[in-house]
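To start, the structure itself, in structure tokens.
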Amino acid sequence: MIADDDVLLREGLASLLGSSGFDVVGQAGDGVELLTLVRSAMPDVAIVDIRMPPGHATEGLEAARVIREELPDIAIVVLSAHVEVDEAMELLAGGERLGYLLKSRVTDIGEFIDTVERITAGAAVVDPALVRELVSARRRRDPLDVLSPREREVLGLMAEGASNSGIAARIFVSEGTVEKHVRSILGKLDLPESGTDHRRVLAVLKFLEAR
Amino acid sequence: MRQELSALRHRIADALMLRSPASRRAAWVLAVVGPAIVVLGLLPFRSTVGLAAFLSGALLAIVVVAVLGGVWPALASAAVAIALGAYFFAPPYDSFSVDRQGDIVAFVGFAIVGAVVGILIDQLAGLAKQQAALRRVATLVATAAAADELFAVVTEEVGQQLPGVERARLARYEPDNSITFVAAWPLPERGFPVGSHWKLDEEDISAVVSRTGRPARIDNFDDRSGPLSANARKLGVRSVVGAPIIVEGRAWGVMIVGSSVRERLPADTEARLSSLTDLLSTAIANAESRSELAESRARIVAAADETRRRIERDLHDGTQQRLVSLAIELRAAEGRVPSDLPATKAAFSRAARGLTDAVEDLQEISRGIHPAILSKGGLKPAIKTLARRSAVAVELDLQVERRLPQQVEVAAYYVVAEALTNVAKYAQASVVHVDVRTGDSVVELAVRDDGMGGADPSRGSGLIGLKDRVEALGGTLTIAGGPGKGTSVVARIPIDGKPVLDAERWRAAQRRS
């Protein structure tokens, strides 16, 4: 299910997803239409633009919240032209199977499809550009200074929502090594060990935002 | 030391010249007591010192009385002195008869001198009072004080300065042939309350003044019609004089002084009124042109901002969307190119990549034109984002818990953005402190760095444009700091639309004079 008020973009996404093995069951032009279609079609994942009529502000977030309340099994990917950390945190507070991506991310087809599949399978994802902005913020007494460069890399990937195995694949180490790094990071930054990946993402995001 | 003495001298002079009711009472008391004291002091020596000494002492007392209370107590004092002198110091002693011719001449001379001294000092005191009043009003005008305060002070001065005046009122003409009272003295004014609105009858003093554009007087209210005159009669006002306040060739308002006695107000009241009301005209003209200027500046800035917002919206909704869609189509096309045409595939891929980069560039530009986060989330998240993207470490202290008017948020955002950019470009600093504090009526921002300092406001049009933008809203922007001491950019922007007084500049000007 795709919701975006820009017809061109919607059609483009539809054909892209269609040719990548997805079955596009509906297209909506605003939040109300989206909710109606979702309730009737019950898709596996809904891809929603954050900015839709009538207000062109954060209708997408609002729709995501409603969908999450009524039909919690549906994965939701929110696309936005600008990524803002407050919106990411608001969205991801809804649990797992949620993603917050830059709209331009869709042009990297392979990665985009991969991300959508990960989200549908249960991950929580934050666009790497947002994570990069948060991590690279310069502080005088940076709490991140206690981390080694490798640990900083792992932290970034954690914030993006990658699972331990995903991180292992990205930086070419074993999953065991990743687990060690993660424990060390959580310990150094005094973050709680959380059971699920999505809670971890939220915790890291909150930490990065507040520092 | 010299400054303190001078200040003390000024304060004493002011107090003495004030002629409060207390000092007047004191004058009358002293009129009798003064000469009496001189008598007591010189009595044991009367055979040696004689009348002359007594009269000299009494003259001193008269001077003090004149300063405290004016001509009449002084004359009374002279009379008392003559009586006491005749009784105690002119032979035969202890009787009112005066034998010596010389003594009689002395008394006459004393009476003349005493009267002259009394009158002269009275005039002097009056002039000093006028000067003090003018100075007080001029100060208010110069500091661009709030209109209400200015009106109240001038009305009070008018009431206190002009002889015979018991009450004074200042009214502003409204477009529908009515007036609004904007100040009154003495307070509390119950008859014509400040802020009350009255329709003008053509015989009212205000109407006459407005019609003729010149001062006018009514010496008798008995046969006047209209609600204003009726109210005046009820209050016991019997005669009034009104003088117009002329601003830019039209009658802006009228200053009315009244007395409870018919035909009481002296003939020169109109002239004396004018000197004070002229100051008022200047002040009002100043204030009006200043506020017009400020308003037009604000309009220009607002128009420019609106354009920028529109451009950002168009860019976002139109161009960026289209480019992203195009990139997707290109990618889809790339996918359809058969794998035995690698060069073609690669060409599509490059084109798609180029498009995506262009979109990112557009996003950066769009953020520079107008950051969407500012409209959506307000100052706090916008400044936090600025801080994150700053090349120099930023320590934030943001106390902004509510949304502010749009132009205020935009101005504040650009101050911080430009200041941070300058720090990154020139300062070679290790840290920048950004403090934002929101009060009830003013938001205060400070961007301080620990870099090289020596910021030159004329270098880099960014800072000058900021000053214009901030001042257009009635705020102030100050850049301080010296070589080696870092730079600080401090802006104070009013939230409620009332201009921020540049207190520092005024204090500095005061010190210089």
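Just so you know, all these numbers are worked out from the coordinates, no wet-lab data involved. Just so it is clear, the model here is predicted, and its values are computed rather than measured. Reconstructed Cβ throughout: ideal geometry from the backbone, glycine too, with neighbour counts over all protein chains shown.
The figures follow:
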| item | result |
| --- | --- |
| Inter-probe distance in nm under a simple model that places probes 7 Å from Cα toward Cβ, at B:SER430 and B:ALA267 | 8.3 |
| Listed pairs A:LYS103/B:LYS345; B:LYS425/B:LYS467; A:LYS180/B:LYS376; B:LYS345/B:LYS376 exceeding 31 Å between Cα atoms | A:LYS180/B:LYS376; B:LYS345/B:LYS376 |
| Protection proxy ranking, peptides B:73-82, A:145-154, A:87-96, average beta carbon neighbours within 10 Å, highest first | B:73-82, A:87-96, A:145-154 |
| Estimated 222 nm signal from helices in chain B, with DSSP H stretches of n ≥ 4 weighted -39500 (n - 2.57), rounded to 500 | -19500 deg cm²/dmol |
| Tensor-based shape of region A:138-178 (alpha-carbon gyration tensor, a/c under 1.5 rounded, otherwise prolate or oblate) | prolate |
| Size descriptor, Kirkwood hydrodynamic radius, that averages inverse alpha-carbon separations across region A:132-210, Å | 12.6 |
| Other protein chain Cβ atoms within 10 Å, averaged over every residue that makes up B:423-433 | 1 |
| Efficiency of FRET from Cβ geometry, A:VAL24 and A:VAL66, R₀ 25 Å, rounded to 0.05 | 0.75 |
| Cα long-axis angle, helix B:2-17 against chain B (0 to 90 degrees, to the nearest 10) | 60 |
| Percentage relative contact order, chain B, counting C-alpha pairs under 8 Å, at least six apart | 7 |
| Three-way shape call for region A:2-126 based on the alpha-carbon gyration tensor, with the a/c threshold at 1.5 | rounded |
| Within region B:19-108, chymotrypsin sites (Phe, Trp or Tyr not before Pro) in DSSP loop having at most 13 other beta-carbon neighbours inside 10 Å | B:TYR93, B:PHE96 |
| Value of relative contact order over region A:132-210, rounded to a whole percent, pairs C-alpha under 8 Å and six or more apart | 35 |
| Theoretical ellipticity at 222 nm over chain A - DSSP helices of four or more residues, -39500 (n - 2.57) apiece, nearest 500 | -16500 deg cm²/dmol |
| In region B:172-243, the GluC sites (Glu not before Pro) that fall in loop regions by DSSP, at most 16 other Cβ within 10 Å | B:GLU202, B:GLU203 |
| Those lysines that a straight Cα-Cα span of less than 30 Å connects to B:LYS234, excepting residues fewer than 8 apart in one chain | B:LYS199 |
| Prolate/oblate/rounded label for region B:122-173 (Cα gyration tensor, a/c 1.5) | oblate |
| Among B:SER430, B:ALA251, B:GLY368 the positive-end extreme of the charge dipole of chain B (Cβ point charges) | B:SER430 |
| Folded to 0 to 90 degrees: helix B:321-336 orientation relative to chain B principal axis, Cα | 10 |
| Amide N of region B:360-380 lying under 20 Å from the label point, which is placed 7 angstrom from the Cα of A:ALA93 along Cα→Cβ | B:373-374, B:376-380 |
| DSSP-assigned coil residues among GluC sites (Glu not before Pro) in region B:223-299, each with at most 12 further Cβ atoms within 10 Å | B:GLU248, B:GLU263 |
| Averaged over A:96-106, number of beta-carbon atoms from partner chains that fall within 10 Å | 3 |
| Nearest-20 debye value, region A:1-130 charge dipole, Cβ charges on Lys, Arg, Asp, Glu | 140 |
| Estimated distance in nm for a label pair at A:ALA210 and B:ALA358, the labels positioned 7 Å out from Cα along Cα-to-Cβ | 4.4 |
| Gain on full stretching of the segment that runs from B:ARG437 to B:ILE119 - 0.36 nm per residue minus C-alpha separation | 108.6 nm |
| Residues of type lysines that B:LYS380 reaches as a straight line, Cα spacing below 19 Å, ignoring anything fewer than 8 places off in the same chain | A:LYS206 |
| Among A:PRO53, A:LEU8, A:LEU71 the positive-end extreme of the charge dipole of region A:1-100 (Cβ point charges) | A:LEU71 |
| Two-site FRET efficiency, B:LEU60 against B:ALA142, from Cβ-Cβ distance with R₀ of 35 Å, rounded to 0.05 | 0.30 |
| Chain lengthening between B:ALA22 and B:ASP219 when straightened (0.36 nm per residue, less Cα-Cα) | 67.8 nm |
| Relative contact order (percent, whole number), region A:80-211, Cα cutoff 8 Å, 6+ residue spacing | 27 |
| Selected from B:GLY85, B:GLY69, B:GLN399, residue furthest toward positive end of dipole (chain B; charges at beta carbon) | B:GLN399 |
| Computed lengthening from A:VAL173 to A:SER194, 0.36 nm per intervening residue step minus Cα-Cα distance | 5.3 nm |
| Averaged over B:318-330, number of beta-carbon atoms from partner chains that fall within 10 Å | 6 |
